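Heads up: the structure comes next, in structure tokens.
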Amino acid sequence: MDRIARFSFFVAIQMLDLNVCKSGRCKNLGVPNAKEYEYNIRPLGFLAMRCGVCSATPPMLDNESYGLMRNHWQQQVALLSGKRCPDCGSHSIKRFGQSSNGKQRLQCKACQKTFSMRTPVMKGQQQLVEQIKNALFCGEEGESLIRLAAEKGVHFDRACEQLKRQAQESMWRGEPSKFMASTVFTLPYKGKGNQLWGIITTDIESGRVLHISTSLVPMVLPESGQYQPCADAPPLVVEISDSAIDLAQKQEQRFLLRQQFDRCDFGVASLGSNKHSHALPVLTAHAHFAVLNMLNHGDDGGAHLLSHEVFLRGACITQFSNQVKNQQMSLAYVVGETDGNIRLSNVRKLGWWQNHWQEFRDSSGASKAFSVLCGNMDLAPEAISLITAKQAVSFIEQNMSKLNLAQFTASRVDSFAAVLAARYNHELPVVEPNGLRMESDAQHIGVCL
Ligand SMILES: [Zn+2]
Ligand SMILES: [Zn+2]
């Protein structure tokens, strides 16, 4: 990549102001403080902004909360991957000897600050971390995990945090991805009706999980950035005869019935600890795509496939606005799944934005619909699929349920989700350069002997 492109990318990752235009073809896409903006207006009842160039009125977002979340992730990415400066976020980093305890030191070429890479698991916690891993992957119905948690109390929580860091370090280690799929999920935790809301992104070629985040953040956010249960649109009523494009149409109608496009409800989500909060899903999504950006995924463009949730488009296009503007990245919504042998069966314009949707069917009658939201899609219809992301979510859900993990607190469930995602990566078959799939010989996380 040449210097100019690097520089423009650097500007893109400094996305600190979310109140920008999010229209794919507008010159103000991703531009902060454009002169054509009007802030804090209420054209549809909720607080929004208007871009005078394209007339779009996206909801106002809480930059203060987002800034806190983004800083938290920037620190994690910097200290665990060494790919960013923890202070200024620059990717221009050089090696700078070793610290007195033998850790790699790095220096940021932009702000000159030096920092050491972090060891995910501290010396005093290694034994407990190993015990938890063994209980997670080899325990009978998770009973040993429950016993350990009861015995170790607060130390168990600290060990879970470190396990999560270890999982993140391994997920964030790989090569930058060009073609990504993201889907959303919820996971139950201790207490009636409590759920975490989350988002996961996979590389569609290798299937590996690149990043997973949930609404839980280890800080107290300002109230305007915190999730509150809200009146969502009534749930989808699915008929057996509904094809993928029918489901997409019903979902678009749901978005219009919401009090605010970017507010979804995921239950009570109460927290016992005052050290954590649930961020709004829309802010969680922005921070999630910002992390992918920090890890250089999509630097060289490509495609990002999204599950059909209205605010994922806004978050993804904002965080990758530079690549979208340069026509290097396309975004698409995907609904349904088919096998490889498909034919076009339907086209329709759907929703508030009248997006163009295409539906394909395979020989079994299964259908898949997608809508390319911006850019030139480099993928064939057969490859436009969320299957890699859905498989990772289903692995996590199955293990959560098998090990009865919903009885644990929100922060423990959040850690277990990351650990299971990393475990999923280690169980994936390795794809050789010639396209052959080999059985994984990677070192397993928590091998059961
Ligand atoms: Zn605009
Ligand atoms: Zn720096």
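The values are calculated or read from the model by the stated rules, or taken from the named source; none is laboratory data. Keep in mind that what you see is a predicted model, and the values were worked out from it rather than measured. Here the Cβ is made from the backbone with ideal geometry for all residues, glycine too, and neighbour counts use every protein chain on show. Each accessible area value is taken on the protein alone, full model and side chains, heavy atoms only, with ligands, DNA and RNA left out. Shrake-Rupley method; radii C 1.70, N 1.55, O 1.52, S 1.80 Å.
Any idea how far the Cα center of the range 375-392 sits from the one of the range 321-372, in Å?
9
What's the FRET efficiency of residue 138 with residue 72 using the Cβ-Cβ distance as r and R₀ = 30 Å, to the nearest 0.05?
0.40
Counting each DSSP H run of 4 or more residues in the chain as -39500 (n - 2.57), what helix-only mean residue ellipticity at 222 nm follows after dividing by all residues, to the nearest 500 deg cm²/dmol?
My calculation for the chain gives -10500 deg cm²/dmol from helical runs alone.
Can you compute the modelled spin-label distance between residue 151 and residue 190, with each label point 7 Å from Cα toward Cβ, in nm?
1.8
Roughly how many Å is it from the Cα centre of the range 185-257 to that of the range 140-161, as a whole number?
If we compute the Cα centre of each part, the gap is 28 Å.
Can you compute the modelled spin-label distance between residue 16 and residue 230, with each label point 7 Å from Cα toward Cβ, in nm?
Output for this residue pair reads 2.6 nm.
Which GluC sites (Glu not before Pro) in the range 36-91 pass both tests, a DSSP loop state and at most 16 other beta-carbon atoms within 10 Å?
Hits after loop and neighbour filter: 36.
Percent relative contact order of the chain, based on C-alpha pairs within less than 8 angstrom and at least six residues apart?
This gives 17 percent for the chain.
Between the DSSP loop rule and a limit of at most 11 other Cβ atoms within 10 Å, which GluC sites (Glu not before Pro) in the range 210-300 are left?
239
Quick check: pseudo-label points 7 Å beyond the Cα along Cα→Cβ at residue 219 and residue 103, how many nm apart are they?
Spacing of the two 7 Å Cα→Cβ label points: 2.0 nm.
About its Cα centre, what dipole magnitude does the chain give when the only charges are +1 on Lys and Arg Cβ and -1 on Asp and Glu Cβ, stated in debye to the nearest 20?
Here the size comes out at about 1400 debye.
Does the chain come out rounded, prolate or oblate, given a ≥ b ≥ c as the square roots of the eigenvalues of its C-alpha gyration tensor, rounded meaning a/c under 1.5 and, failing that, prolate meaning a/b above b/c?
Note, shape of the chain comes out rounded.
Taking only protein heavy atoms and a 1.4 Å probe, what accessible area per residue, in Å², does the chain have with all protein chains in place?
So the chain comes to 46 Å² accessible per residue, rounded to a whole number.
Run the accessible area of the chain with a 1.4 Å probe and give the carbon-and-sulfur part as a rounded percent.
With neighbouring chains kept in place, the figure for the chain is 50 percent.
Given R₀ = 22 Å, what would the calculated FRET efficiency be for residue 88 paired with residue 117, taking r from the Cβ atoms and rounding to 0.05?
After rounding, the FRET efficiency stands at 0.80.
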